[in-house]
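The structure appears below as structure tokens.
The values are calculated or read from the model by the stated rules, or taken from the named source; none is laboratory data. Not measured: the values here are computed from a predicted model. Please note: Cβ atoms are built from the backbone with ideal geometry, for glycine as well, and neighbour counts cover all protein chains shown. The protein model used for the area step is the full one, side chains on, heavy atoms only, and it has no ligands, DNA or RNA in it. Shrake-Rupley method; radii C 1.70, N 1.55, O 1.52, S 1.80 Å.
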Amino acid sequence: MPTPKVERLRIEGVTKAFGSRLALEGFDLEVAGGEFVALLGPSGCGKSTMLNCLAGLLPLSAGTITLDGERIDGLPPEQRGFGMVFQNYALFPHLSVRRNVAFGLHAAKVAKREISDRVDSALAQVRLADYAGQYPSQLSGGQQQRVAMARAIVLEPALILMDEPLSNLDAQLRTELRTELRRLHQELGLTTIYVTHDQSEALSLADRIVILRQGRSVQVGTPQTVYTEPAGAFVAAFMGYRNLLPAQMKETRGGDATVLLADGQQSLRGRDRTDGAAEALVAAVRPEDLTLHEAAAAPDAGGDNVIPATVAVVEYQGNEVAVSAEAAGGLWLHARTTLRVRPGDQVRVHVPPARVLIFAEDS
Amino acid sequence: MLSRTPAGRWRLTERLAALGVDRVVLLALPAAAVIGLLFIYPFLYGLGLSFQPRQGGGILANYLGFFNDGYERSTISKTLRLALPAALLNVAVSVPIAHKLRQPVRGKRLLTTVLILPVTLGTVLVAQGLIRYFGPAGWFNQALVALGLVDAPLSLTNNYIGVFASLIITGFPLSMLLILGHASGIDPDVERAAATLGAGPTRRFWTVSFPLMLPGITIALVLAFVAAFAVFPSAVMVGNPSGSTRVISIAAYQAAFERFDYSMASTIAMIMAAVELAVIGVVLGARSRLYRGATSGGKG
Amino acid sequence: MADALAGRPAGVPRPRLTFSPSGWLLAAVMAFFVVNVVALVVSVLFNSFASSWFATPIPSGWTTRWYRFAATTFQLSDVLVVTAQVGAAVVAISLVVGAPAAYVLARRTFPFKRALLLLFLLPMLVPPITYGIPLATALYKFNLAGSLRGVILANLVPALPFVILVLTPFIEQIDENVERAARMCGASTWRVFSRVLAPLCIPGLLAAGLMVLVRVLAMFELTFLTAGPGDQTLVVALYYSVFAAGIRPAQAIDAMAVVYMLTTFVPLLIALRFVNPTQMVVRLKREAAA
Ligand SMILES: Nc1ncnc2c1ncn2[C@@H]1O[C@H](COP(=O)(O)OP(=O)(O)OP(=O)(O)O)[C@@H](O)[C@H]1O
Ligand SMILES: [Mg+2]
């Protein structure tokens, strides 16, 4: 892997206000050279705002951005030397693909011969060598997307910023381009900040994930960490913990806790992830960690940590079915199983205590 | 399945339906008929009339008469001397301002509202106002004298300056609003993308914004010229209608309604149309030379 | 509608203009222009209320008698009635004839569609005085000129294309599936038009009608060429008041001008509630397409 052009990007206390509304509030992040960082969060949480601030397209309300020890937050975008891939591509409609990709090189007054070579190799990298003469309006969405990428990478920028570049594509193209992005990142050693609201995209692409909530970062970590050890209920919900069961604390010992679920009767054991003070809790479990047993066939299968429930909805999903079942007290459980259950069946839902995370409700 | 007549031919209605013509398309006919009867027919009628001179002398007698009479012929150059500089100035000033105002900024709506006023007031009222405002005792001259810029009031009406000013007052807002309306539709991310690629403000303007604004600029230039070329009421009211601002529309009007020579009047109207079309052709031609390629494109 | 067009949530402040040296220059040019236009209008207004005004900044005295003078000498009430008649007729006819054509252009593709579009665009590209002279000649031939009918017919020529150009994009942005859904519910074509499309089009029709009205009020050339003595609209009467024989005090003419301004401003201000000023001139996209 080539050596990255930057060693360290440091974002400290970055705040951005639109009128009285804070889109970003005291955002901190450090990015090492060559790293691929994903900014993940729901719509409107400030992801694009963060990217625009980094690119210099929006002035900061407070905070600093330093690149290898030098402050850059006052520089206009054209002097930062970052590449950006816009959410809507923002190709130059009046220029051919080749001229689009060459635009930045012309601005940098690179020699003609070199421009032509670099454009050719960038187009080859995104597999668009045959489309150099076309105009953006003559390309498909995925092709335009790749032109936008080529236009940014041809400059070999210190840092490349991507704003949900795959969000407008169909599922197949998206997986293809995802692989291509990862390959480009490894080949060129580009330091990348990638905005997305798709958790699987973030998990598969990034070295590190930053989860944003209303303009603040709530967790920073490797994909494994955020996936297996979400910092709170909000992150857990984002990471596929579809069962978020309201609960109250019954007892807590060491790292383990026993909680009473909503109806006050059913108790459940799990890992304690609260700070001890919270009253309202949630027990977070992924659908794939629940095991279903037919109540009639095995009345006490699964041992303890079992919730009896009635199957309500069954969705066919290939090998498995997704089951929504209702337990006492209006509790809904979402599980996956290979059992052939039908709506109305009585089931026992087993949960391994190690896979139950107990959070404060507002965490 | 289309049904066939015994002869094996598609029925006419079905063949038309396959082309997309059905009864709904007929709804456009009344409008087409109105324009056909009130615009195309009179134009053709006028064209025919222009070849039937009242005094006889061959079908081209009117055209020859116009071009051989220096007083009449000079109306073309007098009109162009007013219309071309006015249209170019209006557009040249509008472009940078529209570029500055293309994003939503505070006060934009108020400004555009102020601009729409002279356009809707029309040339008659502007000319009427100029008589007072630009006159020897008007505020404009009073201000110039008070500021010590001139010793005696300037003569700004009943001459070229008055007509030119009226063309700016009604023409500048029109060009400005046309160019602004077009520029507001350009995706602002495209210019931002140019900034992240290292292009400074000047380069961004000339390589990205200007080419993207060009269709709007072209139309504005054409319409500004067409409006200025047809200047009539202000040429009479604040100009010198028998001298320096005897524009071609005055010549046409006098032929029709003072000499009642409708044939000659139609001839002059046709000459007017031809000169306009020629200038429009030059503008469009220059545009396509200046810049080729797809105008619209990209996503969204 | 205007806020929605700007694409910004309500209540969010817009960015302020930042001024560079060139920005200041442009602002100065703009300010010079606006100040002069406003001063021009105000000087007409002042003069119409001035008992006399010579080379002083402000008239020496104020009076309203020029309005009474103008009302009697220029038969202001007759002129206003004619203006209202012409305006109402042109708006009504151009909407009734133009809206169906706009619908066809918005929804269908058919052979010669571009030619039809060009037909509707031409009257906007040729200035009124150019086609007005042959038009007036033709109308005189059929004994239509010199009457109210002639004035109305002539004013239709620029009004109708304008209605079509304003309404076509408006209808385009109404989701066609709304119509299809109505048909799936069993509505006949007429019912789809009257119960679904017409109510959805009302804002567009209103805006187009008001803008046409403003244009008719300001349309000098065509009315001037086709009107007889008894059917002048206000703007033509204003023109004649400057030239007609006999000595008319300038203040009375300016009083006329103020009345004319008021009649134009009222529909204009209402129209501006529905549309952006930039949309009032002409829709560029369509224009450029031809
Ligand atoms: N120019 C602006 N003016 C005012 N408010 C803005 C502006 N841009 C963004 N906002 C607000 O800032 C917040 C964050 O917006 P941002 O575009 O960063 O969201 P996002 O995380 O990128 O969302 P999405 O995933 O939908 O793109 C939103 O509440 C938005 O309304
Ligand atoms: Mg975004």
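Worth pointing out:
- Accessible area of chain C belonging to carbon and sulfur atoms, whole % at 1.4 Å probe: 68 percent
- The equivalent ellipsoid that matches the C-alpha gyration tensor of chain B spans semi-axes of 40, 36, 18 angstrom, in descending order.
- Highest mean packing comes first when the peptides B:140-146, C:150-156 are listed by Cβ atoms within 10 Å, giving C:150-156, B:140-146.
- Expressed to the nearest 5 percent, the antiparallel share of DSSP beta bridges inside the stretch A:8-233 is 55 percent.
- Toward the positive end of the charge dipole of the protein assembly as shown, with +1 on the Cβ of Lys and Arg and -1 on the Cβ of Asp and Glu, the farthest Cα among C:LEU197, B:VAL114, C:VAL86 is that of C:VAL86.
- Segments B:239-252, A:203-216, A:125-138 sorted - mean Cβ within 10 Å per residue, highest first: B:239-252, A:203-216, A:125-138
- Pairing chain B with chain C buries about 8000 Å² of accessible area. This figure sums both sides and uses a 1.4 Å probe.
- Per-residue average of Cβ from other chains inside 10 Å of A:80-93: 6
- Descending Cα extents along the principal axes, the stretch B:60-214, whole Å: 59, 54, 28
- Chain A: proportion of alpha-carbon pairs further apart than 34 angstrom, %: 40 percent
- Cα lying deepest toward the dipole's positive end in chain B, options B:TYR71, B:SER50, B:PRO211, charges on Cβ: B:PRO211
- Rolled with a 1.4 Å probe across the full set of protein chains, the surface gives C:ILE202 an accessible area near 90 Å².
- Taken along the Cα-to-beta-carbon direction at a fixed 7 Å, the label points for C:THR72 and A:GLN79 span 7.4 nm.
- Relative packing of peptides B:51-61, B:36-46 - highest average C-beta neighbours within 10 Å first: B:36-46, B:51-61
- Measure of compaction for the stretch C:73-113 (Cα Rg per 2.2 N^0.38 Å): 1.92
- Sum of side-chain charges, A:ARG8 neighbourhood, beta-carbon under 9 Å (Lys, Arg +1; Asp, Glu -1): -2
- In this label model, C:GLU176 and B:ALA286 are separated by 4.0 nm, measuring between points 7 Å along each Cα→Cβ vector.
- Once the Cβ-Cβ distance of A:ALA171 and C:ARG149 is raised to the sixth power relative to R0 = 60 Å, the FRET efficiency obtained is 0.40.
- Approximate spin-label separation C:ARG195-B:ILE59, in nm, with each point projected 7 Å along Cα-to-Cβ: 5.9 nm
- Charge context of A:PHE27, other residues only, Cβ under 13 angstrom, K/R +1, D/E -1: 0
- Debye intensity ratio in log₁₀ form over the Cα atoms of the protein assembly as shown, taken at each q of 0.05, 0.07, 0.09, 0.10 Å⁻¹: -0.44, -0.78, -1.08, -1.20
- With the Kirkwood sum run over all distinct C-alpha pairs, the stretch C:218-278 has a hydrodynamic radius of 13.1 Å.
- Simple Cβ-charge dipole of chain B, Lys/Arg +1 and Asp/Glu -1, about Cα centre, in debye nearest 20: 960 debye
- Taking only Cα atoms of the stretch A:47-178, radius of gyration then Dmax in Å: 15.4, 46
- For chain C, size of Cβ-based charge dipole, Lys and Arg +1, Asp and Glu -1, in debye: 640 debye
- Whether the stretch C:70-289 is rounded, prolate or oblate, judged on the alpha carbon gyration tensor where a/c under 1.5 counts as rounded: prolate
- Computed as a quarter of the hull surface, the mean projected area of the alpha carbon convex hull for the stretch A:167-295 stands at 11.5 nm².
- P(r) histogram, all alpha-carbon pairs of the stretch C:46-146 included - 10 Å bins from 0, percent: 11, 20, 25, 19, 15, 8, 2
- Within 10 Å of the Cβ of each residue in B:176-183, the mean number of Cβ atoms contributed by other protein chains is 5.
- Centroid-to-centroid separation of the stretch C:161-234 and the stretch A:84-99 [C-alpha atoms, Å]: 38 Å
- Computed with the Debye formula from one identical point scatterer per Cα of the stretch A:234-360, without solvent, the log10 of I(q)/I(0) at q = 0.19, 0.21 Å⁻¹ comes to -1.02, -1.21.
- When the stretch B:82-122 is reduced to its Cα atoms, the Kirkwood hydrodynamic radius in Å: 11.6 Å
- 12 Å beta-carbon shell around C:LEU40, net charge (K/R +1, D/E -1): 0
- Overall dimensions of the stretch B:216-286 as given by Cα atoms, namely Rg and Dmax in Å: 13.7, 41
- Put simply, the Cα atoms of the stretch C:14-63 extend 46, 24, 12 Å along their principal axes, the longest span coming first.
- Dipole orientation for the protein assembly as shown: of the candidates C:ALA39, B:VAL163, A:ALA360, B:VAL163 has the Cα lying most toward the positive pole (charges on Cβ; Lys, Arg +1; Asp, Glu -1).
- For chain A, the membrane-span-like helices by this rule, meaning whole DSSP H stretches whose C-alpha atoms cover at least 15 Å of axis and whose Kyte-Doolittle mean is 0.0 or above, are A:97-107; this says nothing about an actual membrane.
- With a 10 Å cut-off around each Cβ of B:266-273, the average count of Cβ atoms from other chains is 4.
- Considering helices alone, the calculated mean residue ellipticity of the protein assembly as shown at 222 nm is -16500 deg cm²/dmol, with DSSP H runs of length four and up weighted by -39500 (n - 2.57) and normalised per residue.
- Euclidean distance of C-alpha centroids, the stretch A:197-268 and the stretch B:125-177, integer Å: 73 Å
- Dipole moment magnitude, nearest 20 debye, the protein assembly as shown about Cα centre, only Lys, Arg, Asp, Glu C-beta charged: 2780 debye
- Percentage relative contact order, chain B, counting C-alpha pairs under 8 Å, at least six apart: 25 percent
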